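Everything below concerns the one structure shown next.
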Amino acid sequence: MNTVQTTAIIALSLTAALRIIMFDARGKTHKPLSAAIAYLSIVWFCSLALAAAFAIESLTTWLLIFGLALHTGAVLWSGGNVSKINPKKTRPIAANQGFLKRQAVSQSSKNLMQEGRTTSETHN
């Protein structure tokens, strides 16, 4: 490996590790599997940076192969659909779904009010 390759591996690995460490978990649900994956990723990224920094080429190569295996596993797990690797936030199916729900609620409240009027008129 030359200096540019070594620098790129160190910079990318440390950037990824720091991004995982700096993740804001406030208001998020704790998921043990995700926490374990995050921990192993930090260990992997830091090991890769150290192996590149100390010019341990065989270890660096194996760590890169390990990372490639993880990415290949993610692609295989998603069935080749890369949009499933990083799932999107859940969004309503219809764009105006919120409007439809509000309309249904207001319609049901109108129906209840009309039923209340008819029952009070029959009691009088």
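Conditions tested, residue by residue: (1) at pLDDT 90 or above; (2) open to solvent by less than 80 Å² (accessible area, probe 1.4 Å); (3) of a type in the set (A, V, I, L, M).
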{"position": "Asp24", "(1), (2), (3)": "no, yes, no"}
{"position": "Ala36", "(1), (2), (3)": "no, yes, yes"}
{"position": "Phe54", "(1), (2), (3)": "yes, no, no"}
{"position": "Leu63", "(1), (2), (3)": "yes, yes, yes"}
{"position": "Gly73", "(1), (2), (3)": "no, yes, no"}
{"position": "Ser83", "(1), (2), (3)": "no, yes, no"}
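When residues in region 24-57 are screened for being within 15 Å of Ile9 (Cα to Cα), assigned to a helix (DSSP H, G or I) and among the aromatic types (Phe, Trp, Tyr), 2 of them pass. May I ask you to verify whether Thr7 is part of a helix (DSSP H, G or I), hydroxyl-bearing (Ser, Thr, Tyr) and modelled with pLDDT of 85 or more? Yes.
The values are calculated or read from the model by the stated rules, or taken from the named source; none is laboratory data. Owing to the predicted nature of the structure, the values given are computational and were not obtained by experimental measurement. The accessibility values were calculated without ligands, DNA or RNA, using every heavy atom of the protein model including side chains. Shrake-Rupley method; radii C 1.70, N 1.55, O 1.52, S 1.80 Å.
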